[in-house]
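Below: one structure, written as structure tokens.
Since every read-out is calculated from the coordinates, none of them should be taken as a lab result. Predicted model, so just to flag it, every value in this text is computed and none were measured. Don't worry about glycine lacking a Cβ; one is built from the backbone with ideal geometry, like all the others, and counts go over all protein chains shown.
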Amino acid sequence: MEEPKIPEEKAARSLNFLEEIIEEDIRNGVNEGRVHTRFPPEPNGYLHIGHAKSICLNFGLARRYNGLTNLRFDDTNPVKEDVEYVDSIMADVRWLGFDWEDRLFYASDYFEQIYDYAMVLIRKEKAYVCDMTAEEMSETRGTPTRPGKESPFRTRSVEENIDLFNRMRQGEFPDGSRVLRAKIDMASPNMHMRDPVLYRILHAHHHRTGDQWCIYPMYDFAHGQSDSIEKITHSICTLEFEVHRPLYEWFIREIGIYAPRQIEFARLNVTYTVMSKRKLLELVQQGYVNGWDDPRMPTICGLRRRGFTPESIRNFAETIGVAKRDNVIDVSLLEFCIREDLNRKANRLMAVLDPVKVILDNYPDDQVEELESVSNPEDESKGKRKLPFSKTLFIERDDFMEDPPNKFFRLAPGREVRLKAAYIIRCESIVKDPATGKIEEIHCTYDPMTKSGMPDSNRKVKGTLHWVSEQQAVKVEVRLYDRLFVKENPDDLEEGKTYKDYLNPDSLKVVTALVEPEVRNAKVSEKYQFERIGYFTVDADSTPEKLVFNRVVPLKDSWGKGDKVTG
RNA sequence: UGACCCAUGGUGUAACGGCAGCACAAGAGAUUUUGGUUCUCUCGGUCCAGGUUCGAAUCCUGGUGGGUCAACCA
């Protein structure tokens, strides 16, 4: 995969608000003009397209301003985290084309340091051990409109707090019996400032620190300090952390350490899908999809398996821009980005998804001709491929109509069409199954003088069809994927419904297609355009006996709307 | 019923007090051995009310609408 690069029009393009802030900081000599970002996922799930936006932002900004980007796992909650997720996240970031070089970090690397920070606060009488239960704490926290009540343990002495906190670490107390809290302001209009929990007791095995700890810092007490430790200059995060910023700044100030600048942006939403980790997990666990990398999932691994390229996703991230207002991106923009990329990269193949037999009555019975067609009209360097042609062919069932409307450019009784890279044929008669009325055979005559390349082949005909020769056609499995939900915003619920009520029952259709023999050279993950149908990629489920193709996206179709395939 | 954030075509995103532009989508046409691609064109927008100013999408005030915040989650 090629390296991501700043678009050439970089200089011409106007700046987004993050770039403006960073450029102003550089101008003002903040951090000596240094730019250092980080991508800080929690390893408790798979990355999705929304994370891709954040990844592209963080790595893209650093690249643009000659800075660095760290990959840091915010692994402060051992009960939810796992190395499985660590591995998949690293693979996804790399696949997207980004490199954190030797700067792979974990918040758990800083546990000792963070513990020391807690001690600093205790000594300054800015933190205390609280023995209230979770319920009591919840009751005394107040509401956004009413102040909370101070904990009776708030006035413990520094000595007692140090002793208790140390004993928490030594494992003397059971889970949930005590916490360390910051002493800030129970009446603050910002709920996060109402003596938030800093440490909780959790006798849990951590994927990296093992059983070394039985107390773990809360995300809020680890995230900002981790950024500080790594000397991050610009901490880019999503909008919901805006209200946490005063708390992070309070910690940094009270502890007295380097202060990164946090900037929040609006998270990505895409039509016809859901983005929350909880819902994605539910779809996987309850079997609505076949795993995290199901090609219908908005996960990075799902998109990869679906056949999206890193370039197309990066370009998507660039195109959607970034701002602070809530947004829902039309999935058609994502589709545009992958078509644009695959149009110039994917070799063409003729594949018939819903075949109907065509017999050329005037073609020699046993003759097989070898024709040629360009592999990719957008890229001559891809050369040509061989195509066998014979008396009995298959075309797409809906490329024929017995009684067509005016604007139908394809085959119909008495009408002529071109067979791509072959001959012009005319429909003479049809044979139907007497019982069902289904068309079984379309009898045509071909014009030998119209072979591709011959002068007569330039004759004007309305339509050009794709086709395969019966004898040489290769059967493959084709998985036709469509949007996972039928509703633009599955979270916009009607009375008594859940987002799962809007699942698209036709999001996957499996058909057997007939493909030209060239398909035998197809390798897993390669992308092809099935001419006149769409872009497809070879799925890892393929075996030497049977290739499996996933439809990435259909071609734009200004004739039929939506799916051409009804099989 | 508090604090904070946000508001530009259908969807995104620009315009930094001086002609509201770009992309996707939608529609029309040209080209085409893919009803693809490419090219041309069209449709369509500053939430409302005041104020400041020669001039406001932009600054101020007040509304309205949307979002976020009350895990020992992140």
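Angle between the Cα long axis of helix A:219-229 and the longest principal axis of chain A, 0 to 90 degrees, nearest 10?
90 degrees
If you take the square roots of the eigenvalues of the alpha-carbon gyration tensor of chain A and sort them as a ≥ b ≥ c, do you get rounded (a/c under 1.5), prolate (a/b over b/c) or oblate?
prolate
Run the simple label-point estimate for A:Ile21 and A:Val461 please: 7 Å along Cα→C-beta, distance reported in nm.
Each label point is offset 7 Å from its Cα along the Cβ direction, giving 6.1 nm.
Take peptides A:395-404, A:18-27 and line them up by average Cβ neighbours within 10 Å, highest first, as a rough protection proxy.
Highest-to-lowest ranking by the protection proxy: A:395-404, A:18-27.
Label points 7 Å out from Cα along the Cβ direction at A:Leu239 and A:Arg325: separation in nm?
1.0 nm
Let's test the formula: R0 of 30 Å, r as the Cβ-Cβ distance of A:Asn362 and A:Asn521. What FRET efficiency results, to the nearest 0.05?
Taking R0 as 30 Å, the efficiency between A:Asn362 and A:Asn521 is 0.35.
Might you report the magnitude of the Cβ-based charge dipole of chain A about its Cα centre, with Lys and Arg at +1 and Asp and Glu at -1, to the nearest 20 debye?
Dipole magnitude for chain A comes out near 820 debye.
How do A:Lys386, A:Lys523, A:Lys500, A:Lys391 rank when sorted from fewest to most other Cβ atoms within 10 Å of their own Cβ?
Sorted ascending by nearby Cβ count, the order is A:Lys523, A:Lys386, A:Lys500, A:Lys391.
What FRET efficiency comes out for A:Ile439 versus A:Ala204 if R0 is 60 angstrom and r is the Cβ-Cβ distance? Round to the nearest 0.05.
Taking R0 as 60 Å, the efficiency between A:Ile439 and A:Ala204 is 0.35.
Answer rounded, prolate or oblate for segment A:263-355, using the Cα gyration tensor with square roots of eigenvalues a ≥ b ≥ c: rounded when a/c is under 1.5, else prolate when a/b is larger than b/c, else oblate.
Oblate is the answer for segment A:263-355, as a/c is 1.5 or above yet b/c matches or exceeds a/b.
Report, in whole Å, the centroid distance computed from the Cα atoms of segment A:196-248 and segment A:382-458.
66 Å
Okay, helix-only estimate at 222 nm for chain A: each DSSP H run of n ≥ 4 adds -39500 (n - 2.57), divide by all residues, round to 500 deg cm²/dmol; what do you get?
Calculated from helices alone, the mean residue ellipticity at 222 nm is -7500 deg cm²/dmol.
What ranking, highest mean first, results for peptides A:281-288, A:93-100 when packing means the other Cβ atoms within 10 Å averaged over each residue?
Those peptides, ordered most packed to least, come out A:93-100, A:281-288.
What's the whole-number percent of alpha carbon pairs in segment A:356-470 lying beyond 21 angstrom?
In whole percent, the long-distance tail amounts to 38.
Expressed as an acute angle from 0 to 90° and rounded to the nearest 10, what is the orientation of the C-alpha long axis of helix A:17-27 relative to the principal long axis of chain A?
Helix A:17-27 sits at roughly 60 degrees to that axis.
Working from Cα positions, state the angle (0 to 90°, nearest 10) between the long axis of helix A:310-320 and the longest principal axis of chain A.
Approximately 70 degrees, to the nearest 10.
What residues from segment A:17-57 fall in the zone where the backbone N is under 17 Å from a label point 7 Å along the Cα-to-C-beta line of A:Val83?
A:43-45
In nm, to one decimal, how far is the A:Ala266 label point from the A:Gln285 one, both placed 7 Å along Cα→Cβ?
It is 3.1 nm.
With charges set only on the Cβ (+1 for Lys and Arg, -1 for Asp and Glu), what does the dipole of segment A:356-470 come to about its Cα centre, in debye to the nearest 20?
400 debye
Going through the cross-link list A:Lys509/A:Lys546; A:Lys460/A:Lys509; A:Lys384/A:Lys460; A:Lys53/A:Lys231; A:Lys80/A:Lys523; A:Lys487/A:Lys523, which pairs have a Cα-Cα distance over 26 Å in this structure?
Over 26 Å apart, Cα to Cα: A:Lys460/A:Lys509; A:Lys80/A:Lys523; A:Lys487/A:Lys523.
Indicate, rounded to the nearest 5 percent, the antiparallel portion of the DSSP beta bridges found entirely in chain A.
So the antiparallel bridges amount to about 70 percent of the total.
What FRET efficiency comes out for the pair A:Glu369/A:Gln212, r = Cβ-Cβ distance, R0 = 45 Å, nearest 0.05?
Calculated value: 0.05.
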